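**Q** Can you keep this structure in mind? I'll have questions shortly.
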Amino acid sequence: MSELVEHRQLFIGGELVDPLGKDVIEVVSPHTGEVFARVPHASDADVDRAVAVAREAFDEGPWPRMPLAERIEVVERIKDGVGARHDEIARVISSENGTPYTASVMVQALSSMMVWDAAITIARGFRHEEARDGALGPILVRREPVGVVAAVVPWNVPQFTAAAKLAPALLAGCPVILKTSPEAPLDAYILAEIAAEAGLPKGVLSILPADREVSEYLVAHPGVDKVSFTGSVAAGKRVMEVCAQNLTRVTLELGGKSAAVILPDADLAGAVAGIVPFAWMINGQACVAQTRILLPRSRYDEFADAFATAASALKVGDPMDPETELGPLVAERQQRRSLDYIRIGQEEGAKILAGGGRPAGLDRGWYVEPTLFGGVDNSMRIAREEIFGPVICLLPYGDEDEAVAIANDSEYGLSGSVWTADVERGIDVARRVRTGTYSVNSFSLDMLGPFGGYKNSGLGREFGPEGYGEFFEHKMIHLPAGYQAPGAGGGA
């Protein structure tokens, strides 16, 4: 086994400091099941210290009072730093969560750089202050930074979700405390180095690896003004409950059970090639994954055969092998969860068309075969519950109205897609499905538009001006009759 990776300090307020607690996080390789790294486990006292320096940075420091153009310069250096170290970031995240390296370069690293870049574009064009004609006279509407932000990110796309929160918050003028997961804390140390080199002022950024208990202490902290959370529905509900005690502003990006609707006129090869990478993306551990594939009964058999062939052809193995298409799950509990759902699906009467167990020859690590169930009814647990593993369902439907009804018959509403030869018809389906993001003949997540969920998939938005706006409070200033406010429009 390679030499143990070890970090002994925490990044608090822009510098590495000794932790105030003694607990340690052991990072386990999903490929081998062995400990390969150790980092400090942040304590409640470390949270108090991070909140204190963030409060000082917001209440008295230069960052919120700095012209937007100067904040953009710093954030651009962070973006460039992520780009310059993208290969290193990709390799570290693959070692943490099992994402195949070839996918990790784009999904985990370069896409994060794109998030930073898109946020800069949004900030430049955002109206931070504007004059309006009010009912009783002229008014000035200001958007002012919300305050100290707690950003809680998961292990599946740690840099991407961190960028989705950090970039707009920092550009808005907010100090941020980033809480990373115990499974994937290592890549955040690279981000800390990049941020320090970029010239963030003291107190503006802290990074704390910790478990759920410390996360709860952070989001409940009276010194935090805004929580931005990505994770499970159960955890999101708890975050919202805790935030309610202090009326802390909260944004939640939660789970999904997204449906890819294949219409009868769809091209078979194009639909299968387009859906498969995004059904099993990040080894099936993606909230936006297309985990329910809806097939017209008139073409069910040919599509089912094609998807089964594609699933069986996916190469499973070492995430660092450039030929690997599906790596291990992040932890043994996730492997066990997927295998349990595979058993449940069989008990419910669904038929395994591909996969269904542990891959042959991979006796260690948290591997599960890419598994495809056919003949699934939408009332089955495997169709209703988020598995967060490489388990995909094929559901037959009769007409378009039934397809839309099945797609909408879910407690989730995060993503989805439709595949058809008639783009206008696809757009009509997209308008009818109750979900926050939808694609026609593709799967994409555009960082210049809003991303978020309906129903149990979340609250609020990330990306686009809508996501940037989540990090502001709105102030109305009444002006004297006849007064014309100078310079209203953009700017900080």
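Throughout, read-outs are computed from the coordinates displayed, never taken from laboratory work. Note that this is a predicted model, so its numbers are computed, not measured. Neighbour counts run over all protein chains shown; Cβ positions are idealised from the backbone, glycine included.
**Q** If you look at just the Cα atoms of the chain, how large are its Rg and its Dmax in Å?
**A** Calculated on Cα positions, Rg and Dmax stand at 23.3, 79 Å.
**Q** Can you give me the angle between helix 268-279 and the longest principal axis of the chain, using Cα atoms only, in degrees from 0 to 90, rounded to the nearest 10?
**A** Helix 268-279 sits roughly 50 degrees off the main axis of the chain.
**Q** About the Cα centre, and with charges only on the beta carbon of Lys, Arg (+1) and Asp, Glu (-1), how big is the dipole of region 183-272? Nearest 20 debye, please.
**A** Details: 7 positive and 12 negative charges, 83 e Å.
My answer is approximately 400 debye.
**Q** While we're on this one: Could you work out how far the C-alpha centroid of region 414-462 sits from that of region 349-407, in angstrom?
**A** One Cα centre to the other: 21 Å.
**Q** Which order do peptides 282-293, 101-112, 434-445 fall in by mean Cβ count within 10 Å, highest first?
**A** Working: 282-293: 26.5, 101-112: 21.6, 434-445: 18.6.
Highest mean packing first, the order is 282-293, 101-112, 434-445.
**Q** Mind checking the alpha-carbon convex hull of region 123-190 and giving the volume per residue in Å³?
**A** Details: hull volume 7.3 nm³, N = 68.
Cα-based convex hull of region 123-190, divided per residue, equals 108 Å³.
**Q** Of Pro138, Pro182, Val107, which is farthest on the positive side of the dipole of region 78-185, counting Cα position, with +1 on Lys and Arg Cβ, -1 on Asp and Glu Cβ, and the Cα centre as origin?
**A** Pro138
**Q** From zero outward in steps of 5 Å, how is the percent of C-alpha pairs of region 259-440 spread across the bins?
**A** Pairs per bin, as whole percents: 1, 9, 18, 22, 21, 15, 8, 4, 1, 0.
**Q** Given C-alpha coordinates of region 149-241, what is the ratio Rg to Rh with the Kirkwood estimate of Rh? Before the final figure, lay out the partial values.
**A** Details: Rg = 12.5 Å, Rh = 13.3 Å.
Reported Rg/Rh (Cα atoms, Kirkwood Rh): 0.94.
**Q** Taking the Cα centre of the chain as origin and charging only Cβ (+1 Lys, Arg; -1 Asp, Glu), how large is the dipole, in debye to the nearest 20?
**A** Numbers: 45 positive and 67 negative charges, 176 e Å.
With Lys and Arg at +1 and Asp and Glu at -1, about 840 debye.
**Q** At a Förster radius of 41 Å, what calculated FRET efficiency corresponds to the Cβ-Cβ distance of Val5 and Val141, to the nearest 0.05?
**A** Values: r = 49 Å, r/R0 = 1.20.
With R0 = 41 Å, the Cβ-Cβ based efficiency is 0.25.
**Q** To the nearest 20 debye, what is the magnitude of the charge dipole of region 259-440 about its Cα centre, counting +1 on the Cβ of each Lys and Arg and -1 on the Cβ of each Asp and Glu?
**A** Working: 17 positive and 27 negative charges, 105 e Å.
Computed about the Cα centre, the dipole is about 500 debye.
**Q** Next question. Classify region 258-352 as rounded, prolate or oblate from the Cα gyration tensor: take a ≥ b ≥ c as the square roots of its eigenvalues, call it rounded if a/c is under 1.5, otherwise prolate when a/b beats b/c and oblate if not. Spell out each step's value before the answer.
**A** Numbers: a/c = 2.03, a/b = 1.37, b/c = 1.49.
Taking the square roots of the gyration eigenvalues as a ≥ b ≥ c, region 258-352 is oblate.
**Q** Please tell me the relative contact order of region 1-128 in percent, rounded to the nearest whole number, where contacts are Cα pairs under 8 Å and at least six residues apart.
**A** Working: 136 pairs, mean separation 25.3, N = 128.
Once divided by the residue count of region 1-128, the mean separation gives 20 percent.
**Q** Do you know the relative contact order of the chain, to the nearest whole percent, from alpha carbon pairs under 8 angstrom that are 6+ apart?
**A** Working: 1167 pairs, mean separation 96.9, N = 492.
Reported as a whole number, the value is 20 percent.
**Q** Specify the angular offset, from 0 to 90 degrees and rounded to the nearest 10, of the alpha carbon long axis of helix 300-313 from the longest principal axis of the alpha carbons in the chain.
**A** Tilt relative to the chain: about 70 degrees.
**Q** For region 273-324, what is the convex hull volume of its Cα atoms per residue in Å³?
**A** 80 Å³
**Q** Of the listed peptides 417-423, 275-281, what is their order by residue-averaged count of other C-beta atoms within 10 Å, with the highest listed first? Show your work: numbers first, answer last.
**A** Working: 417-423: 20.6, 275-281: 22.3.
Per-residue mean Cβ counts within 10 Å order the peptides as 275-281, 417-423.
**Q** Please give every one of the lysines within straight-line cross-link reach of Lys22, meaning a C-alpha to C-alpha distance under 28 Å, and leave out same-chain neighbours fewer than 8 residues apart.
**A** Lys179, Lys202
**Q** Which distance in Å, rounded to a whole number, links the C-alpha centroids of region 202-254 and region 54-114?
**A** Each part's Cα centre sits 20 Å from the other's.
**Q** Still on this structure, I have one more. Compute the projected area of the convex hull of the Cα atoms of region 74-167, averaged over all viewing directions, and report it in nm² to one decimal place.
**A** The orientation-averaged projected area of the Cα hull of region 74-167 comes to 7.7 nm².
**Q** So who's got an amide H within less than 5 Å of the one on Gly413, skipping anything under 5 residues away but keeping other chains? H placed 1.01 Å off N, in plane.
**A** Lys257, Tyr454, Asn456, Ser457
**Q** Here's another thing I want to ask about it. Set the Förster distance to 30 Å, then compute FRET efficiency between Ser312 and Met106 from the Cβ-Cβ distance, nearest 0.05.
**A** FRET efficiency, Ser312 to Met106: 0.75.
**Q** Run the simple label-point estimate for Lys22 and Glu347 please: 7 Å along Cα→C-beta, distance reported in nm.
**A** 4.4 nm
**Q** Short version: what are the Cα gyration tensor semi-axes of region 225-301, square root of 5 times each eigenvalue, largest first, in whole Å?
**A** On the way: eigenvalues 276, 28, 17 Å².
Equivalent-ellipsoid dimensions as semi-axes: 37, 12, 9 Å.
**Q** Here is a further query. Rounded, prolate or oblate for region 1-150? Axes are the square roots of the Cα gyration tensor eigenvalues, ordered a ≥ b ≥ c, and the cut-off for rounded is a/c under 1.5. Kindly include the intermediate steps, with their values, before the conclusion.
**A** Details: a/c = 2.98, a/b = 1.67, b/c = 1.79.
Oblate, because a/c is 1.5 or more while a/b does not exceed b/c.
**Q** Putting +1 on Lys and Arg Cβ atoms and -1 on Asp and Glu Cβ atoms, find which of Val418, Pro486, Leu459 reaches farthest to the positive end of the dipole of region 394-492.
**A** Farthest along the dipole direction, towards plus: Pro486.
**Q** On the Cα set of region 360-492, report Rg and Dmax in Å, please.
**A** 21.8, 79
**Q** Of the DSSP beta bridges with both residues in the chain, give the percent that are antiparallel, rounding to the nearest 5.
**A** 40 percent
**Q** In degrees from 0 to 90, rounded to the nearest 10, what is the angle of the helix 158-172 Cα long axis to the longest principal axis of the chain?
**A** Rounded to the nearest ten degrees, it is 30.
**Q** May I pose another question? Could you order peptides 46-58, 248-260 by the average number of other Cβ atoms within 10 Å of their residues, highest first? Walk me through the numbers on the way to the answer.
**A** Numbers: 46-58: 22.3, 248-260: 25.2.
Ranked by mean Cβ neighbours within 10 Å, highest first: 248-260, 46-58.
**Q** Between Asp363 and Arg431, how many nm apart are label points set 7 Å from Cα along the C-beta direction?
**A** Placing both labels 7 Å beyond Cα along the Cβ direction yields 5.9 nm.
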